[in-house]
Amino acid sequence: MGETRADRAPIRSDKGRREVEQSLDTLSDRLETALCETDHGELLDRIDMPRVERLSALCAVLLDRIEGAGACSSSEHTGLDGLLRRAIEARDSYARKLHLILSGSRDGVFEWALDQDLIHLSPRWFNTLGLAPLTEPQPPTMWLSRIHADDRGPFRRAIDDHLADRTPTLDLEYRILDGAGHWRIMHCRGIKDAMTGEAPTWLIGTHTDVTHRHYTDPATGLGNGELLDQLLDDACRASDNARFCLVSIGLSNVCSVMESSLPHYVNGLLKHLGDELTEVLPDNTPLILLPEHTFAVVLEATDPAGLEARLVEIEGVLSRPKPFKNKRVWLSYAMGTAAFSPTQGLLSSSIRARARLATQYAARRGVGFRCQYSDALELSERQASTGEQLIRQALDDDGVRCLFQPIVSLREEGRITAFEGLMRLQTADGLVPPACFMDVAEQSALIHELSRRMIDRALSIMTEKAFEARYGTEFTLNVNLSRQQLQDDTLVTWLSDRLDRYGVAPSRFQVEVTESTVLASLAHAQATLNALRDMGIRVALDDFGSGYSSLSQLSELPLDTIKFDKCLIQDIKSLPRKRHVLASVSELCFRLGYDVVVEGVEDLETLAIVRGLGVDTIQGFVYCEPRTAEDLLAQVGRFPVPARYTPSSA
């Protein structure tokens, strides 16, 4: 390339002319074959650019020779002239075909004059970005300034690596801002002109829009998770006064509604729903489809009232039936929202996690609920996660413990007539209170194994010789049952087996249930409680007086004991009306044949008031807080002495 007249001797012999003709014919044939057999999408990858350059250079050399070939013979001149015409025609044919290919393709073309530091860009380069074409050469900053800040460095390094012969070609993908202010993903491919070791003078190549491949769910054409991350990243880079909201919509019954339908039916339904949702979204707002049939959208939240109106419109779309196989179906949904602003410095992954958390919480509340993320919600979920880990560790390490709190009969001179078994978890840091794990346990199947481990331990302790020697063999063991346990069909059989195993009479065992626990599944709970009572096990209604306790349940549920919640005696010293309530309800329970226990008695004055109202069975810190069996045996006799409450180390 770049040959001059001095580089080669004049072509004068027939042998020399034939050699040149043969070389050019061979090169032209290869070029024609490549042009004819290669489709548009692969052409630039298949053309041997150095050979084309050499062909063009040879044409120029031949022209140079002919112009200075005055000494040549006429026949020799005619042969060379024909050779030149053939070479020029081959070059022009290649140029015309290449122009047609580039015109018909969707790729933009660039030619970077490195020695001038100017870039020639084709009209289609601008069209792919929605920009008005510029005919004049542009400085590289016009291109580089539109590239995403995170991609600008890798783009520059890729060019440097190619120009320095560290890579054979320029080949990378990058994000670039289009005319509408959206990020598009481009695939850039190019090659420099010089051979290895020579200083390049230009860099030529194409850029292809591959945004659809990266940002689109192929089955529905909706945006995907990669696009959502980009949208969140853009929002987090907005001005400080901007406000946004990520909305997450989880569909819970798609699989059941679709039954055994083929995937394209499911995708069709999701696409139809996506089209309806898009209609109520602001213009140019992408709708995202995530795994597990979850939709997401990023909305501006500067105007709270406007955002709320938009969410109501979205809920309206979700509430309407959708066509499916010549019928209508309703989709069950739950919605979570997570508000955020650039000043918070959040990552897209954190924002998505917040919206997901809110959606999961809404789904637990029921179909059609909407939940907004808050720090309190995250704290609650974190505690739940910690609680689950504590439970599983305790089960694995045999760390389920049982504390005992005495229940004292004033009528029997303060004798302990029962113990309530209270669950704790043993860790390396000590005993974990129920507030740290009980909610998680009762909302999952873990409560079954936890409770059975505790009951096993409690039965074992109450039948130990030292325990029986101190407290006798007539006291009752009380344990709490959760809603899930009342629905466990194996509970009655399991309890019967355990009582037989430890030689404990069923009459010495009492289960405690709350009204809400029973009412959660009334028919099933009543059947379980009746079966327990038929076996001889006693049933106590716990926390009576808290929440919305109904007097009607006193006559309808199979009960033996009513345990008054501490709220009934709270402030009883200063509120006379509470004394009347306690006296009236106690009298009603006595008339119905129930035993009555008052919980939460913590001082001597309250103890005197309660006793004066006719209640003689007490559970509270005035006698003893929950303790381990070892502490009870060491510090608490069969007839504990009431005293002002002083917390112990247990």
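The values are calculated or read from the model by the stated rules, or taken from the named source; none is laboratory data. Every value quoted in this text rests on a predicted model; they were computed, and no experiment measured them. Cβ: placed from backbone, ideal geometry, glycine included. Neighbour counts: every protein chain shown. Just the protein is used for accessible areas: all its heavy atoms, side chains included, with ligands, DNA and RNA removed. Shrake-Rupley method; radii C 1.70, N 1.55, O 1.52, S 1.80 Å.
Residue check: is Val408 over 28 Å from Asp497 (Cβ atoms), crowded, with 21+ Cβ neighbours inside 10 Å and either over 32 Å from the mean Cα position of the chain (by Cα) or not polar (S, T, N, Q) (or both)? Spelling it out, Val408 is indeed over 28 Å from Asp497 (Cβ atoms), crowded, with 21+ Cβ neighbours inside 10 Å and either over 32 Å from the mean Cα position of the chain (by Cα) or not polar (S, T, N, Q) (or both).
Listed residues Asp240, Asp209; which is under 23 Å from Arg175 (Cα atoms), in contact (Cβ under 8 Å) with a residue 40 or more places away in the chain and acidic (Asp, Glu)?
Asp209
Here the condition is being of a type in the set (Val, Ile, Thr), out of contact with any Cys (no Cβ under 6 Å at 6 or more places or on another chain) and over 26 Å from Val641 (Cα atoms); of Val581, Val610, it holds for Val581 alone. In this structure, is Asp165 at positive phi, charged (D, E, K, R) and open to solvent by 40 Å² or more (accessible area, probe 1.4 Å)? When the stated conditions are applied, Asp165 passes them.
Of all residues in the range 306-318, none satisfies being under 18 Å from Ala238 (Cα atoms) and either outside any loop (DSSP other than H, G, I, E, B) or of a type in the set (S, T, N, Q) (or both). With respect to (1) more than 27 Å from Tyr215 (Cβ to Cβ); (2) modelled with pLDDT of 90 or more, the lone exception for Arg157 is condition (1).
A quick yes/no check of all residues on (1) open to solvent by less than 70 Å² (accessible area, probe 1.4 Å); (2) more than 18 Å from Thr220 (Cβ to Cβ); (3) charged (D, E, K, R):
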site	(1), (2), (3)
Asn284	no, yes, no
Leu289	yes, no, no
Pro304	no, yes, no
Ala309	yes, yes, no
Leu318	yes, no, no
Pro323	no, no, no
Tyr333	yes, no, no
Gly336	yes, yes, no
Ala353	yes, yes, no
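Of all the listed residues (Glu474, Glu420), the sole one being charged (D, E, K, R), in contact with a strand residue (DSSP E or B) (Cβ under 9 Å, 6 or more places away or on another chain) and over 24 Å from Asp488 (Cα atoms) is Glu474. Could you check the range 443-490 and list, in sequence order, the residues that are among the β-branched types (Val, Ile, Thr) and in a loop (DSSP other than H, G, I, E, B)? Within the range 443-490, Thr463, Thr473, Thr490 qualify.
Could you look through the range 621-641, keep only residues that are in a loop (DSSP other than H, G, I, E, B) and open to solvent by 50 Å² or more (accessible area, probe 1.4 Å), and pick out the one that is modelled with the highest pLDDT?
The initial filter retains those residues of the range 621-641 that are in a loop (DSSP other than H, G, I, E, B), namely 621-626, 628, 636-641.
Next cut, open to solvent by 50 Å² or more (accessible area, probe 1.4 Å) only: 621, 638-639, 641.
Working: Phe621: 93, Arg638: 89, Phe639: 88, Val641: 82.
Ranking the candidates gives Phe621 first.
Determine whether the range 394-403 contains at least one residue that is under 23 Å from Gln487 (Cα atoms), open to solvent by 10 Å² or more (accessible area, probe 1.4 Å) and assigned to a helix (DSSP H, G or I). Checked the range 394-403: at least one residue is under 23 Å from Gln487 (Cα atoms), open to solvent by 10 Å² or more (accessible area, probe 1.4 Å) and assigned to a helix (DSSP H, G or I). Answer yes or no as to whether Leu177 is in contact (Cβ under 8 Å) with a residue 24 or more places away in the chain, hydrophobic (A, V, I, L, M, F, W, C) and within 27 Å of Pro137 (Cβ to Cβ). The answer is yes for Leu177. Of all the residues in the range 601-620, those that are surrounded by fewer than 21 Cβ atoms within 10 Å (Cβ to Cβ), without any contact (Cβ under 8 Å) to a residue 60 or more places away in the chain and in contact with a Lys or Arg (Cβ under 9 Å, 6 or more places away or on another chain) number 7. In this structure, is Arg538 under 20 Å from Glu556 (Cα atoms), surrounded by 15 or more Cβ atoms within 10 Å (Cβ to Cβ) and basic (Lys, Arg)? Against the criterion (under 20 Å from Glu556 (Cα atoms), surrounded by 15 or more Cβ atoms within 10 Å (Cβ to Cβ) and basic (Lys, Arg)), Arg538 qualifies.
Tell me the strands (runs of 3 or more DSSP E) entirely within the range 173-272 that contain at least 2 residues that are within 18 Å of Val297 (Cα to Cα). Full working, then the answer.
Details: elements: 183-192, 202-209, 244-251.
Fully inside the range 173-272 and qualifying: 244-251.
In the range 340-352, the count of residues that are in contact with a helix residue (DSSP H, G or I) (Cβ under 9 Å, 6 or more places away or on another chain) and either modelled with pLDDT under 90 or part of a strand (DSSP E or B) (or both) is one or more.
Would you confirm whether or not the range 577-590 contains a residue that is in a loop (DSSP other than H, G, I, E, B) and either open to solvent by less than 50 Å² (accessible area, probe 1.4 Å) or under 27 Å from Gln553 (Cα atoms) (or both)?
In the first step, residues of the range 577-590 are kept if they are in a loop (DSSP other than H, G, I, E, B); the result is none.
Looking through the range 577-590, none of the residues is in a loop (DSSP other than H, G, I, E, B) and either open to solvent by less than 50 Å² (accessible area, probe 1.4 Å) or under 27 Å from Gln553 (Cα atoms) (or both).
Whenever a residue of the range 369-397 is at pLDDT below 90, its partners that are open to solvent by 60 Å² or more (accessible area, probe 1.4 Å) and aromatic (Phe, Trp, Tyr), lying with C-beta atoms within less than 7 angstrom and at least six residues away or across chains, give the pairs Leu377/Tyr361.
Could you give every pair whose Cβ atoms fall below 7 Å, whose first residue belongs to the range 511-525 and is among the β-branched types (Val, Ile, Thr), and whose second residue is part of a helix (DSSP H, G or I) and open to solvent by 60 Å² or more (accessible area, probe 1.4 Å), counting only separations of at least 6 or pairs across chains? From the range 511-525, the pairs are Thr517/Arg483. For the range 235-244, the criterion of being at pLDDT 95 or above and surrounded by 19 or more Cβ atoms within 10 Å (Cβ to Cβ) is satisfied by at least one residue.
Among the residues of the range 433-456 satisfying the criterion of being under 30 Å from the mean Cα position of the chain (by Cα) and among the β-branched types (Val, Ile, Thr), which is least open to solvent (accessible area, probe 1.4 Å)? Residue satisfying both the conditions and the ranking: Ile447.
Tally up the residues in the range 511-560 that are part of a loop (DSSP other than H, G, I, E, B) and out of contact with any Pro (no Cβ under 6 Å at 6 or more places or on another chain), please.
Quick first cut of the range 511-560, residues part of a loop (DSSP other than H, G, I, E, B) only: 520-521, 536-537, 545-551, 557-560.
Applying the additional criterion that residues be out of contact with any Pro (no Cβ under 6 Å at 6 or more places or on another chain) yields 520-521, 545-551, 557-560.
Going through the range 511-560 one residue at a time, the tally reaches 13.
Scanning the range 112-137 for residues that are more than 21 Å from Ala180 (Cα to Cα), open to solvent by less than 80 Å² (accessible area, probe 1.4 Å) and in a strand (DSSP E or B) returns Trp112, Ala113, Leu118, Ile119. A search for C-beta distances below 9 Å between a residue of the range 423-452 that is at positive phi and any residue that is assigned to a strand (DSSP E or B), counting only pairs 6+ apart in sequence or on different chains, returns nothing. Take Thr386 and tell me if it is among the hydroxyl-bearing types (Ser, Thr, Tyr) and in a strand (DSSP E or B). So Thr386 fails the test.
Quick check, is Arg106 closer than 30 Å to Asp234 by Cα, open to solvent by 30 Å² or more (accessible area, probe 1.4 Å), charged (D, E, K, R) and modelled with pLDDT of 90 or more? Give the steps one after another, and end with the answer.
Working: closer than 30 Å to Asp234 by Cα: yes; open to solvent by 30 Å² or more (accessible area, probe 1.4 Å): yes; charged (D, E, K, R): yes; modelled with pLDDT of 90 or more: no.
Judged against the criteria, Arg106 is not a match.
Take Leu522 and tell me if it is among the aliphatic types (A, V, I, L, M) and at pLDDT below 90.
On the way: among the aliphatic types (A, V, I, L, M): yes; at pLDDT below 90: yes.
The answer is yes for Leu522.
Just one of (1) within 30 Å of Trp112 (Cβ to Cβ); (2) open to solvent by 30 Å² or more (accessible area, probe 1.4 Å); (3) touching a helix residue (DSSP H, G or I) at 6+ places or on another chain (Cβ under 9 Å) trips up Gln230, so point out which. Failing condition for Gln230: (2).
Could you please let me know if Glu413 is charged (D, E, K, R), part of a helix (DSSP H, G or I), surrounded by fewer than 15 Cβ atoms within 10 Å (Cβ to Cβ) and in contact (Cβ under 8 Å) with a residue 24 or more places away in the chain? Working first, answer last.
On the way: charged (D, E, K, R): yes; part of a helix (DSSP H, G or I): no; surrounded by fewer than 15 Cβ atoms within 10 Å (Cβ to Cβ): yes; in contact (Cβ under 8 Å) with a residue 24 or more places away in the chain: yes.
No.
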